[in-house]
Each structure stands twice: as structure tokens, then as C-alpha cells.
Amino acid sequence: MKKTCYADIPPYVTRDGSVIRELMHPSRHALLGSRQQSLAEATVAPGDTTVLHRHRQSEELYYIIVGRGLMTLGEETFEVMEGDTICIPAGTAHCIHNGSDRALKLLCCCSPAYMHDDTELL
């Protein structure tokens, strides 16, 4: 079977300050077929903002599952909410702010797969 179980995936804090669950990542799930990309669920607590950062190699897609926030992408800042998808090209500075009173949750797909060493804090 080529699946993971959410309850078996421990959360951790990434370099940008968000709480992440790696739903699928080559470093842990190569036997399931994951080779080139990763998929994670990120949670940003109410009032928190992730650290402005960029990824030198990975492009990312954010899909907002729950909540709303302000996304900074390069020189732009704009509102994001449930159902929105944001493309973050490699090398583009970005962060997200949760100004609401409930957790902001998003799916984050990275290609190539997320690596701490590819994250540059700004």
C-alpha cells in the first residue's frame, strides 16, 4: 500500500517557525514512491507570522485548508483564505501571517522536496 497515516506522523517546527507534518517526503517515504516532491501540512497559530524566507531550489504550492491570512510573496502582500492556492517560485521571498483567532492550516507541496538546507531565512 502506498499511503501514510496522519496519526503516525509527528509534527515538528521548521526553520520558518510553522508547525509541519510531512505527509509524504522522499527521506521517509521513498519506498512508497515519493522521489521528487514533498507534501506537508503547515499550521500557523493565531497572531503568528512565519519568518520571511526563500528556497533556492524548491518551488512551492500552498493550498489554504482552514482559516485566512496575509501572504507576502516577493514585493506583494495579499489576503489568502480557504480554497486559495498560491504558487511560490524558487528564490522568491515569502511568509504568511495569521491575523485571525483560529489556526491557519495549509498544504505545502515542494518540488524538489523540502530540505532545511534549501531554506534561507531573510
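Results, tabulated for the structure shown:
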quantity: Mean separation of Cα contacts under 8 Å (6+ apart) over length of the chain, as relative contact order %; calculated: 32
quantity: Most fluctuating residue given options Glu59, Glu79, Glu22, as computed from a GNM of the chain linking Cα atoms under 10 Å; calculated: Glu79
quantity: Per-residue [θ]222 nm for the chain (sum of -39500 (n - 2.57) over DSSP H runs n ≥ 4, rounded to 500); calculated: -500 deg cm²/dmol
quantity: Within-11-Å neighbourhood charge of Leu73 [Cβ basis; K, R +1; D, E -1]; calculated: -2
quantity: Residue-span extension gain [Leu61 to Ser100] - 0.36 nm each, minus C-alpha spacing; calculated: 11.9 nm
quantity: Burial ordering of Met115, Met81, Met24, fewest other beta-carbon atoms within 10 Å first; calculated: Met81, Met115, Met24
quantity: Residue order, fewest to most surrounding Cβ atoms within 10 angstrom, among Val13, Val51; calculated: Val13, Val51
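Read-outs throughout are calculated quantities, based only on the coordinates presented, and are distinct from any laboratory measurement. Fair warning: this is a prediction, and the values are worked out from it, not measured in the lab. Note: ideal-geometry Cβ built from the backbone for every residue, glycine included; neighbour counts use all protein chains shown.
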